[in-house]
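Asks: Below is one structure. I have some questions about it.
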Amino acid sequence: MNDQHHAKPKLVIFDTTLRDGEQSPGAAMTAAEKMEIALELERLGVDVIEAGFPASSPGDLAAVKAIAGRVKDSAVCGLARASDGDVDKAIEAVRDAARPRVHTFIASSPLHMAKKLRLPPEEVLERAKAAVKRARDGVADVEFSPEDAGRSEPDFLCRIIEAAIGAGATTINIPDTVGYRLPEEFAALVRDMMERVPNADKAVFSVHCHDDLGMAVANSLAAVQAGARQVECTINGIGERAGNAALEELVMAVKTRGEAFPCRVEVDATRILALSRLVAATTGMAVQRNKAVVGVNAFAHESGIHQDGVLKDRSTYEIMRAEDVGWDSNSLPLGKLSGRSAVRQRLAALGHELDDGAMDRFFALFKERADSKRFIYDEDLHALRTELG
Ligand SMILES: CC(=O)SCCNC(=O)CCNC(=O)[C@H](O)C(C)(C)COP(=O)(O)OP(=O)(O)OC[C@H]1O[C@@H](n2cnc3c(N)ncnc32)[C@H](O)[C@@H]1OP(=O)(O)O
Ligand SMILES: CC(C)C(=O)C(=O)O
């Protein structure tokens, strides 16, 4: 890493696997499961662990409290609605943490204020101020989110953000709660808030993006380029509905394309795969094969032209190293679309050296078998070698 890299400010990684991730239907976790994941998140090096929503149940309050008592290197955060009861429970849950944070929120879009909260905007603004102030009476680190900011009116958004900072919020999170925004629009919204809110320099700006249109990561990264310095994300991108921005994608995008970002990330990315598998096993939410970074196909090449390129030089078809995110290596599974280079390489590894003529005959047998079988395994190669005579 060069000096220029270190000169860049650090991007705060706020993991919400244990809060928004747990909102995925069917993904509820026990306190012990949450603890195991929290300790792995701490080892990964995330800056903030949002451990739960303490007012949601006595069990969740106890789980957040237990995590706050064990985790030392990451801040531990509890979510709270803008109400005295929720804020008090969140304070109670995190107060013993080495770095406690309370995250309070209230919706600011016309739709949510009128239809869901059934409150006039001025009342919403007062509740936001009161909740932040109450949270600040309990902990020094308070985050405020105007929920559904992506569909809020910019002028009102400016006012509620200014009021929250005035009341003591240290982080302002801009959520695209329903995953509605496009990257350029979302970046413009964040830039607009950072420029127009008079006391914006007193808080860290954060983003929290959902994946309803598949743009959670793109929107988050566009916002980082526009000035946001915290991203909220989950392992494997789990979360409400289509999920949240995936931590592994955000981290590897900033690491791989560092020159495109005005900040740096500092997590031990080699722990990503193990954590991805732990979260999948715990929540029962399997990772799709073609998922970026952590899917089984993310560093696998079955097509002959790609295998040939990768065998000559991995960078022909790989922009990241599999080992850097926890895989033992990349892989070259053999199948119908594979070519001679990979087949020859695998045969040699199994101790079968063939001259060009034998290789041509073997390859014809290989293609015949592969036309009727999804993968050609080592046992198949041995059997074909015997068949060849
Ligand atoms: C965008 C997000 O992801 S927000 C986080 C979403 N996560 C969750 O909801 C998970 C945890 N939730 C729960 O366990 C329950 O919903 C509880 C315990 C918080 C509340 O349960 P209940 O009291 O039965 O209320 P219910 O869930 O039915 O309705 C929510 C109430 O909170 C109000 N509310 C919603 N958001 C906020 C807010 N940010 N601040 C204040 N009040 C709010 C709603 O208007 C509604 O109030 P009403 O009953 O007076 O109409
Ligand atoms: C509580 C907030 C940040 C949230 O989860 C959302 O708006 O999606």
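Asks: If you check every pair at least six apart or on different chains, which have Cβ atoms under 6 Å apart with a residue in the range 89-104 that is free of Cβ contacts under 8 Å to residues at least 40 places away in the same chain and open to solvent by less than 20 Å² (accessible area, probe 1.4 Å) first and a residue that is in a strand (DSSP E or B) and not charged (D, E, K, R) second?
Replies: Here the result reads ALA97/VAL76, each pair linking the range 89-104 to a residue that is in a strand (DSSP E or B) and not charged (D, E, K, R).
Asks: For the range 178-232, give me each residue that is farther than 26 Å from VAL293 by Cβ, open to solvent by 40 Å² or more (accessible area, probe 1.4 Å) and part of a loop (DSSP other than H, G, I, E, B).
Replies: PRO198
Asks: Could you say which residue among GLU162, GLU185, GLU153 is acidic (Asp, Glu) and either within 26 Å of the chain's Cα centre (by Cα) or not assigned by TED's automatic domain parsing to the domain that holds ALA218 (or both)?
Replies: Working: GLU162 fails: either within 26 Å of the chain's Cα centre (by Cα) or not assigned by TED's automatic domain parsing to the domain that holds ALA218 (or both); GLU153 fails: either within 26 Å of the chain's Cα centre (by Cα) or not assigned by TED's automatic domain parsing to the domain that holds ALA218 (or both).
That would be GLU185, the only listed residue that is acidic (Asp, Glu) and either within 26 Å of the chain's Cα centre (by Cα) or not assigned by TED's automatic domain parsing to the domain that holds ALA218 (or both).
Asks: Further question on the same structure: Residue by residue through the range 259-279, note down the ones that are open to solvent by 20 Å² or more (accessible area, probe 1.4 Å), touching a strand residue (DSSP E or B) at 6+ places or on another chain (Cβ under 7 Å) and either outside any strand (DSSP E or B) or within 19 Å of ARG43 (Cβ to Cβ) (or both).
Replies: Answer for the range 259-279, where residues must be open to solvent by 20 Å² or more (accessible area, probe 1.4 Å), touching a strand residue (DSSP E or B) at 6+ places or on another chain (Cβ under 7 Å) and either outside any strand (DSSP E or B) or within 19 Å of ARG43 (Cβ to Cβ) (or both): just GLU266.
Asks: Counting only residues that are within 15 Å of ligand 2 (Cβ to nearest atom) and farther than 17 Å from ARG264 by Cβ, which one in the range 218-232 is nearest to the chain's Cα centre (by Cα)?
Replies: GLU232
Asks: Related question: State whether one or more residues within the range 281-293 are more than 17 Å from the chain's Cα centre (by Cα) and among the hydroxyl-bearing types (Ser, Thr, Tyr).
Replies: no
Asks: Given the criterion in the same structural domain as ASP73 (by TED's automatic domain parsing) and either open to solvent by 30 Å² or more (accessible area, probe 1.4 Å) or part of a loop (DSSP other than H, G, I, E, B) (or both), identify the matching residue among ALA298, ALA242. Full working, then the answer.
Replies: Values: ALA298 fails: in the same structural domain as ASP73 (by TED's automatic domain parsing).
So the residue among ALA298, ALA242 that is in the same structural domain as ASP73 (by TED's automatic domain parsing) and either open to solvent by 30 Å² or more (accessible area, probe 1.4 Å) or part of a loop (DSSP other than H, G, I, E, B) (or both) is ALA242.
Asks: Looking at GLU40, is it under 22 Å from ASN236 (Cα atoms) and surrounded by fewer than 24 Cβ atoms within 10 Å (Cβ to Cβ)?
Replies: yes
The rows are residues; the columns are (1) part of a loop (DSSP other than H, G, I, E, B); (2) more than 13 Å from ligand 2 (Cβ to nearest atom); (3) open to solvent by less than 10 Å² (accessible area, probe 1.4 Å); (4) touching a residue at least 40 places away in the same chain (Cβ under 8 Å).
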| position | (1), (2), (3), (4) |
| --- | --- |
| GLU122 | no, yes, no, no |
| GLU126 | no, yes, no, no |
| LYS129 | no, yes, no, no |
| ALA135 | no, yes, yes, yes |
| PHE144 | no, no, yes, yes |
| CYS158 | no, yes, no, no |
| ILE165 | no, yes, no, no |
| ILE174 | no, no, yes, yes |
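The values are calculated or read from the model by the stated rules, or taken from the named source; none is laboratory data. Since this is a predicted model, take the numbers as computed values, not measurements. As a convention, Cβ positions derive from the backbone with ideal geometry for all residues, glycine included, and neighbour counts pool all protein chains shown. All accessible areas refer to the heavy atoms of the entire protein, side chains included, with ligands and DNA or RNA removed. Shrake-Rupley method; radii C 1.70, N 1.55, O 1.52, S 1.80 Å.
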